[in-house]
1. May I ask you to verify whether A:Asp261 is over 20 Å from the mean Cα position of the chain (by Cα), within 30 Å of A:Arg150 (Cβ to Cβ) and surrounded by 24 or more Cβ atoms within 10 Å (Cβ to Cβ)?
2. With respect to A:Thr383, is the statement that it is touching a Cys at 6+ places or on another chain (Cβ under 9 Å), closer than 28 Å to A:Cys423 by Cβ and not small (Gly, Ala, Ser) true?
3. What number goes with the only condition from (1) in a loop (DSSP other than H, G, I, E, B); (2) within 9 Å of chain B (Cβ to nearest Cβ) that A:Gly144 does not pass?
4. Tally the residues that are in contact (Cβ under 8 Å) with a residue 40 or more places away in the chain and out of contact with any Gly (no Cβ under 7 Å at 6 or more places or on another chain), restricting the search to the stretch B:84-106.
5. Restricting the search to the stretch A:404-426, which residues are surrounded by 24 or more Cβ atoms within 10 Å (Cβ to Cβ), of a type in the set (Gly, Ala, Ser) and out of contact with any Asp or Glu (no Cβ under 6 Å at 6 or more places or on another chain)?
6. I'd like the residue in the stretch B:63-83 that is in contact with a Phe, Trp or Tyr (Cβ under 9 Å, 6 or more places away or on another chain) and either of a type in the set (A, V, I, L, M) or in contact (Cβ under 8 Å) with a residue 24 or more places away in the chain (or both) and, out of all such residues, is farthest from the other protein chains (Cβ to nearest Cβ).
7. Looking only at the stretch A:397-446, count every residue that is touching a strand residue (DSSP E or B) at 6+ places or on another chain (Cβ under 9 Å) and in a loop (DSSP other than H, G, I, E, B) and tell me the total.
8. Look through A:Leu188, A:Leu117 and report the one residue that is buried (at least 23 other Cβ atoms within 10 Å of the Cβ) and farther than 18 Å from B:Gln193 by Cα.
Amino acid sequence: MTPTKQDLHYDAVIIGAGAAGLSCALGIMREWENIQTSPSPKGSAANPPRVLVISKLQPLRSHTGSAEGGIAASLSTIEHDTWQWHYRDTVKGGDWLVDQDAAKILAQEAPETVIRLEHDGVAFSRTPDGHIAQRKFGGHTADGERPVKRVAYAADRIGHQILHTLWQQCQRYAIDFADEWYVTDLVLSTNDVGSAGAANRRAAGVIVLDEATGKLHSVEAPAIVVATGGAGRLFHTTSNSWDLTGDGMGLALSSGLQLEDSEFIQFHPTGLAHTGILLSEAARGEGGTLRNAAGEAFMQRYAPGVGDLAARDVVARAINHEVAEGRGVNDPLSPDSPADCVWLDLRSIGRERLDTALPEVCDTIREFAGLDPATDLVPVKPTAHYTMGGIPVDTTGSVYTVNFTTGAKTVVAGLKAAGECSCISVHGANRLGANSLLDAVVFGTRSGSDIARTLGHSAATGTDMATDTAASRAALCTAYNARQESVTQLLHQALPTTPPAALPSAASTDPMPDNPYQLMRDVGIMMEAHLGVTCTAESITEAINQLREVFLPRAEKLRTHDATAAFNQELCAILEARNLVRVSLALATATASREESRGSLYRADFPERDDAHFLAHSFVNAHGEISYRPVVIEDYPPERRSY
Amino acid sequence: MAALPPHRAQFRHTAPMSAKSSVDITATAVAPDAVTGASTVTPADTSQTTVIVRIHRFDGHASWQQDYRITVPAHTSLLDCLLLIKRTQDPSLAFRYSCGHGMCGSDAVSIDGIPRLLCLTKISDVQKDAEAQANGISVITLAPLPAFSPVRDLIVNLNPMLDQIRRLEPYLRASDALRTTPSGAINVFEYLQHPDELEAFDQLTNCIACGVCEGACPIYVDGTPFVGPAAAVAAGRFIFDSRDDPQSRAQRLAALDHTANDPIDTASSSNGAAPAGIWPCKGLRFCTQRCPRGIDVSGAIWKIMQAIKENRGRVAPHSAVK
């Protein structure tokens, strides 16, 4: 399945094989079929599009598979619901930093999206009469008044179901998969004939490192989709897999593009104590309660009425406030650590319902805490979970940049982004639970459909999508050569590994040369300390200083400890660490500039939301430059956000 | 699939233990009758322990064993041990990992000779079983997952398994009559599926394609022509799904029955033996015993065998469903 040629050409290359990437691949193939079978096909390309899905992992390993709670849609299978309520909840949940045109599409297309997933094979949990079962989730309400059962689920492993189903459906089509390929460069070509003197950039292709062989490949494609997921590894305590190092965002910054709203990081309130492993919000949706050291169900004080089902940022801050007030509890597994957890009490749910509705949550608690959720209280603390910001895209998934002087938007031709690495923005300053899979599938599919239509149009008019193939090839060639030189340097200046026999006693006197694993850990600890649930100008400045003066130089100095090219994981890790530092700096820069508190971002020095100055999306580039654009408001003017 | 156990917790957590809540808050909001009896979980062992992790290493040419000595809490997972070694002792050590909590299926290796996931195995799970001692310190031996070719250190080539899964056309083929409305629009409603119909295949959808069942199966490891437990589960997930078209189901069963002209059995097709579908399974149940997702793989294979027998003669093998 994995291509073997060194220089490749595809109609579309998708980076990432999670929900967004696979939805995009299916979107391309299905829309192409629709075009072929429509009464007056606009573009009748004889052959199906040639699509390559690249993943740095094996098939089915993507982090989509760890999503637990569900996918939101106003299906009304259990109680009356409307897409307008879903739309409004999404806007409110995002603290009005949501582009309402995009959120409207998300809510409107949600029901058909969930039905399509069901038709594709997702084993949804069912109501007694056979319909898709739905449960309550934080921030999802009936007309803003009371929690509503909007979230379709498959026990508590909806992500696993969706990931596997999308991959299965991809097997129907002639889609190529390049497994364990790491994209090192996103290559854009530039021509200077654009209007107003602005450089027009378009997608040219990617340079990839084949992990199995250590060889580089150059892949030319007029359509590229970045669907690499989030960047939870920016923080030490995270629900994210080890692979969420912000690769797509780092690639965008490296190729001169920008990140939007990168200062908004969601901390999920219920990570399993110090492991950071997610305990799904479904645990509270099913009746779980947060309690402080005194046993008080404290969320009723912070969010009367909705209580434990308030939006995630509200709950995360409430937990931190309880801890700060001395009402936290210890993680029993780390008895010497500060009392920085609270209890999650699932006992009232009962063993039988726990096992049927929350099997993964229960297994995680048993496996990683040695506790029985039916009888024991479970220690939880907020865990870095989701990046609301990302590569700026429009509602067809097209990536754009903002001119920092004029504020004008310019689309990068042929380049799209979808899923967590993108920012549309449907999540604004805080994402509602069960909206992330929805975002990835809805907008992944839309990106794919749009690519198919463009390909069809190119075929019909006889034009190549890549208007300047020569420029694309030249850009790819330059990028390939530069990367080859860099990889050779990383491998051939390999550092010695300290002999294991000499450890650990030798570690203090003769420390092992730096490595990317230690670097990423140190970055995460520093970011968590200075840019976590709460921050101030002082802590942000400290983070920026450390990133510039300590971590950037360390990242540049990294070399592998082994010169073997095949499956040299450290080689990839060095590139990941560099992406992580790059994205950290963008995040810190955007945080410093936003002098307000909104959604997931809480600045103790600016504790109030400031719509007069900051009802706007931030755009930051790799040079630390920043600009803002106003939020799109169509139906719901900003209100005070309370639950 | 009523014969399958209701949940994997039954496999993994058996020791009865007393409740351990360190704060008594039963007086607050919880109805006393909601708390159902004693805990059934072995509490985590937080004591520090020193072990030697002995790793089979391979760089594509040479292979050797390398020992790493670490001191960590006994509840530490072997994945966290390896990450500690990678970070503090040897960054060149190669092993696959991703989510770290048993959902992605990346980190199946042989731990003291038994295929398991690194992230779901704690030192305290294996230390007492570790027979080898070095100067009084337990030795935990890690080797690549059996049945697959090592590529580097603990990384193996899993493509034979993935190929077997892919060849069995692992996607739902629901009846077209339900898929579109008379006007050609996509059916706006879900296929109805009652909870008991879901129960018939739900457990099989939990498969994470980690390969533990294949590494645990003596027949598969031996290279006998055999479709293998992982591909059987992947196909069974559709065979027992009430939404899959009956004709599609019949063809799935035929494909697993006997595949004289079809190279589905890739486990050892290179040795020239005739393919044998699902039948080499002898019900040894190591797959069921080892599955980190608690899937009764062996039970599912047995049910597929019964369904194949009922299906025989109803369909010509390999007339493709389009």
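The values are calculated or read from the model by the stated rules, or taken from the named source; none is laboratory data. Just so you know, these numbers come straight off a predicted model, no measurement behind them. Every residue, glycine among them, receives a Cβ derived from its backbone with ideal geometry; neighbour counts consider all protein chains shown.
1. no
2. Values: touching a Cys at 6+ places or on another chain (Cβ under 9 Å): no; closer than 28 Å to A:Cys423 by Cβ: yes; not small (Gly, Ala, Ser): yes.
When the stated conditions are applied, A:Thr383 does not pass them.
3. Status for A:Gly144: all satisfied but (2).
4. We begin by selecting, within the stretch B:84-106, every residue in contact (Cβ under 8 Å) with a residue 40 or more places away in the chain; these are B:93-96, B:102-106.
Add one more test, that the residue is out of contact with any Gly (no Cβ under 7 Å at 6 or more places or on another chain), and what stays is B:93-96, B:102, B:105-106.
Looking only at that region, the number is 7.
5. Within the stretch A:404-426, A:Gly414, A:Ala417, A:Ala418, A:Gly419, A:Ser422 meet the criteria.
6. Pass one, the stretch B:63-83, residues in contact with a Phe, Trp or Tyr (Cβ under 9 Å, 6 or more places away or on another chain): B:64, B:75, B:77, B:79, B:81-83.
Subset that is either of a type in the set (A, V, I, L, M) or in contact (Cβ under 8 Å) with a residue 24 or more places away in the chain (or both): B:75, B:77, B:79, B:81-83.
Details: B:His75: 6, B:Ser77: 8, B:Leu79: 9, B:Cys81: 13, B:Leu82: 11, B:Leu83: 7 Å.
Once the filter is applied, the top-ranked residue is B:Cys81.
7. 18
8. Working: A:Leu117 fails: farther than 18 Å from B:Gln193 by Cα.
After ruling out the rest, the residue left standing is A:Leu188.
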